[in-house]
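See below for the structure under consideration.
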Amino acid sequence: MTALVETRTGVPRGLPTVAIVGRPNVGKSSLFNRMVAERVAIVADEPGTTRDRVTAYVTRDDRTLALIDTGGLILGEEQGMIGAIRDQVAVALSEADVLLFVVDVDAGLLPADEEVADLLRRVSKPVVLIANKADNIQRERLAAEFYELGIGDPIIVSAHHGRGLNELWDGIMAALPDVEDPPPAPQGSIPVAIVGRPNVGKSSLVNAILGQERAMVQDEPGTTRDALDTLFEYENRKYLLIDTAGVRRRGHIERGVERFSVARAMQAIERADVAVLVVDATEYLTAQDLHVAGFVQQAYKGLVLVINKWDLAQEDEIDRQEVEMLVRARLKFFPSMPIMFTSALRGRGVRAVLDAVARIQMERMTRVTTAQLNRALLDALADHQPPSSGRRRLQIYYATQPEVNPPTFVFFCNDPSLVHFSYRRYLENVLRRRFGFDGTAIRLIFRGRSRDDEEPG
């Protein structure tokens with residue numbers, strides 16, 4: 001089953017889509033190139049240069065969207081190249097979420113603009129009117145005549161000089177439909193995200209766990225581009241397995257579908273309680289792997305490290321104990337996480353991964369009483385006094401645990417700004433020694449209040 005579902009425009013389904021439309025030679029391709037910050041579309045003065053749709057993927061305000069440049073619309077012409085361009089534009093119109101209607105202030109309002117405006121009104125999509133080629137103050141004043149189109153207030157831009165782009169982006173983001181939250185995990189299930197670099201065997205691991213070809217597996221890196229959800233039961237527990245595309249470091253993320261895939265992988269980590277980080281036994285814990293683990297920690301999730309393709313490593317006589325020591329030394333921010341050695345291709349060790357996930361989920365649900373927590377806090381303060389800054393010393397009065405999954409602890413103190421990173425880590429280690437929380441990130445929050453405020457009994 002292929003994971004990537006595309007629309008007729010070639011854009012992954014569910015990705016917000018913005019189409020640039022207008023009559024020929026109004027500067028659509030110049031605007032497109034300016035918006036994607038590179039020369040993707042061919043720009044020339046000759047009308048009709050852009051004949052096919054050109055698509056680029058842009059991230060703005062943490063939202064990834066597809067931007068489509070279309071050929072110039074000449075209505076009333078049905079034959080030959082003009083008709084073909086019109087058909088291409090029609091596909092973009094039908095599947096876009098927002099339409100950017102570009103007009104030329106230098107040429108003024110033409111009958112062809114009115115015909116395009118009439119077409120866009122019948123499409124019933126949000127339309128952002130863009131008055132392009134306003135290269136100076138005199139030309140900006142000419143944009144007033146486009147109010148006659150009845151499309152709304154024109155946003156005045158100059159694609160050539162890059163003027164007005166911030167206002168344009170504001171208009172686009174306001175017109176985009178609200179993002180639908182992904183469906184929550186079914187009650188009683190453990191949502192698990194399978195993450196890692198491309199081509200480390202994530203989909204093979206999913207298939208080995210499920211015992212069936214749920215995800216498509218190929219040797220080519222980057223086969224899985226969307227997230228796949230599979231609900232199943234093992235040892236009387238329900239799991240929601242989320243297979244994701246490979247995650248690379250920010251500097252190595254290619255434009256296009258892969259950029260969208262990374263965003264979806266991050267969403268999968270947010271949806272999950274536990275992430276299974278799959279690494280390759282032949283090149284374990286690269287910088288990219290550490291980066292992915294950092295994503296998991298920042299989201300306060302549990303982590304199981306799976307060293308896959310271990311059968312290949314054994315052929316090279318790699319020592320398992322040495323590998324585990326190296327991994328733990330490099331992943332100090334995730335102490336006591338389970339490390340599993342698997343061969344997804346041969347089906348070895350894959351079921352133990354689920355056992356580790358279940359143990360971590362139990363740790364994430366651990367609740368410490370206020371009395372136990374504050375006894376541990378008093379001991380920690382006695383063993384290691386809080387740091388000071390100048391004449392001011394951090395004072396921690398008491399602590400509570402308001403939430404589980406992830407375990408969350410609130411420390412009430414005189415001034416949160418005095419909490420140094422090292423002391424935060426010290427308190428986290430104290431909590432782990434006293435109460436466990438193996439394999440999961442925990443959240444520490446410091447809030448300011450005076451000693452005289454009411455404390456729990």
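The values are calculated or read from the model by the stated rules, or taken from the named source; none is laboratory data. None of the values given here were measured: they were computed from a predicted structure. Cβ atoms come from the backbone with ideal geometry, glycine included; neighbour counts cover every protein chain shown. These area figures cover heavy atoms from the full protein model, side chains too; ligands, DNA and RNA do not enter into them. Shrake-Rupley method; radii C 1.70, N 1.55, O 1.52, S 1.80 Å.
Miscellaneous remarks
- Residue within the stretch 370-382 that is in contact (Cβ under 8 Å) with a residue 40 or more places away in the chain, more than 20 Å from Phe333 (Cβ to Cβ), in contact with a Ser or Thr (Cβ under 8 Å, 6 or more places away or on another chain) and in a loop (DSSP other than H, G, I, E, B) present: no
- Where a residue in the stretch 300-315 is over 30 Å from Glu428 (Cβ atoms) and its partner, wherever it lies, is aromatic (Phe, Trp, Tyr) and assigned to a strand (DSSP E or B), with Cβ under 9 Å and at least six apart: Trp310/Phe341; Ala313/Phe341
- Annotation note: Cβ proximity below 8 Å between a residue of the stretch 330-353 that is within 15 Å of Val206 (Cβ to Cβ) and a residue that is open to solvent by 20 Å² or more (accessible area, probe 1.4 Å) and in a loop (DSSP other than H, G, I, E, B) (sequence gap 6+ or interchain) occurs for Met340/Gly349; Thr342/Gly349; Ser343/Lys309; Ser343/Gly349; Ala344/Lys309; Leu345/Lys309.
- Once the stretch 283-301 is narrowed to residues that are open to solvent by less than 10 Å² (accessible area, probe 1.4 Å) and of a type outside the set (Gly, Ala, Ser), the residue that is nearest to Arg320 (Cα to Cα) is Leu285.
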